[in-house]
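We did not get these values from a lab; they are worked out from the coordinates using the rules stated. As the structure is a prediction and not an experimental result, all values here were calculated from the model. So basically every Cβ, Gly included, is an ideal-geometry build from the backbone, and we count neighbours across all protein chains shown.
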Amino acid sequence: MIKKKVCAAAILLGVIFALTGAPGAFEVNMLVETRSVGRPSILLGVSPARLAEYFPDGTYQSEVNTFLIRGNGHTVVVDTGFGGAIFENMRQLGVKPEDVDAVLLTHMHGDHIGGLQKDGKSLFPRAKVYLAKQERDYWVDTAANAGARAALAPYGAKVETFLPGGIGTQGSQGLPEILPGIRAVAAFGHTPGHTVFLLESGGEKLLIWGDLMHVQGIQFPLPDTSVSYDTDPIAAAASRKQILDYAARNKVPVAGMHLTYPALGRVEAAGAGYRFVTGE
Ligand SMILES: [Zn+2]
């Protein structure tokens, strides 16, 4: 089962939850990197009347989160935010950057890779960096993106790429296992190699998605809605619906980089779309 408790000490630490099934239990912390007010104008194809209905004050709460996974002999960070609060949040949990042996990337946008390096130096000195081959190839080679190149440069041969698998019909069977109990699921569209990670321990599962959605107030009920940041909005919508369908059908809890606190919940089918259910 998912255990969840709110840290009394600091809301910035977010929630702690654990996959308790044996063998290979995980403890997962959500680390809040930033909170801000977002403008729903990033949503594509939504009429002004619809926007006014969902966002009466013309704003939504925007959050950037990262996740820390401990267990199965590894200390893992999933995305690094902007490289701001993540390090203080980790310190408060007693985790030093050099304790982290793996950084998993959902994709290479700046709010996910900003904590990998500073001034050309690796900020996770012992870590390997894992990301989808399609993602690395696109940003580093095709787009020749300076930020992406700089982010990976200090890791050199410690960058490992993988080919995420589709979750459509076979469930977690056949998905590449990146680390023990952590598999990579293709969720392309937001970016060419956008990846969702599926944790599994003793039959319990948790999906950590990156940018499968940005504005949960509308993208759960209207999952066809993409945002202007999506490289391929149509593919992004297809991935979103596929993963939401999987999570709802299989009752797999989900956590996300831009879901708002506690950023963890269950997905239920509701009308033509879905709803997000947080709490016990
Ligand atoms: Zn993002």
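General observations
- Comparing mean-square fluctuations of Ser226, Ser41, Ser201 from a GNM of the chain with C-alpha springs under 10 Å, the top value falls on Ser41.
- The value of relative contact order for segment 186-280, using C-alpha pairs under 8 Å at least six residues apart, is 28 percent.
- Charge dipole (debye, nearest 20) of segment 136-280; +1 at Cβ of Lys and Arg, -1 at Cβ of Asp and Glu: 140
- A simple spin-label model places pseudo-atoms 7 Å from Cα toward Cβ; at Asp232 and Arg91 they are separated by 4.2 nm.
- In loop segments of segment 154-263 as defined by DSSP, the trypsin sites (Lys or Arg not before Pro) with at most 14 further C-beta atoms inside 10 Å of their C-beta are Lys251.
- A simple count of charges around Pro221, restricted to other residues whose Cβ falls under 14 Å of its Cβ and scoring Lys, Arg +1 and Asp, Glu -1, yields +1.
- Here Thr161 and Lys121 are evaluated by their C-beta separation; at R0 = 30 Å the FRET efficiency comes out at 0.85.
- The local environment of Glu33, defined by Cβ-Cβ distances under 11 Å, has a net charge of -3 under the rule Lys, Arg +1 and Asp, Glu -1.
- Pairs of Lys in the chain closer than 24 Å at Cα, counting only those 8 or more apart or on different chains: 24
- DSSP-loop chymotrypsin sites (Phe, Trp or Tyr not before Pro) across segment 75-146, with at most 15 other Cβ within 10 angstrom: none
- Considering only Gly45, Gly114, Gly210, the Gaussian network model of the chain with Cα springs below 10 Å gives its largest mean-square fluctuation to Gly45.
- 15 Å beta-carbon shell around Leu116, net charge (K/R +1, D/E -1): -1
- The chain: relative contact order in percent, alpha carbon pairs under 8 Å with at least 6 residues between: 16
- Note on Arg249 and Phe82: the model spin-label points, each 7 Å out from Cα along the C-beta direction, lie 3.9 nm apart.
- Here segment 210-237 is scanned for amide nitrogen atoms under 15 Å from the site 7 Å beyond the Cα of Ser41 along Cα-to-Cβ, giving 228-229.
- When +1 charges are put on Lys and Arg Cβ atoms and -1 charges on Asp and Glu Cβ atoms, the dipole computed for the chain relative to its Cα centre reaches about 360 debye.
- Nearest-0.05 FRET efficiency for Arg149 and Lys241, computed from C-beta distance (R0 30 Å): 0.35
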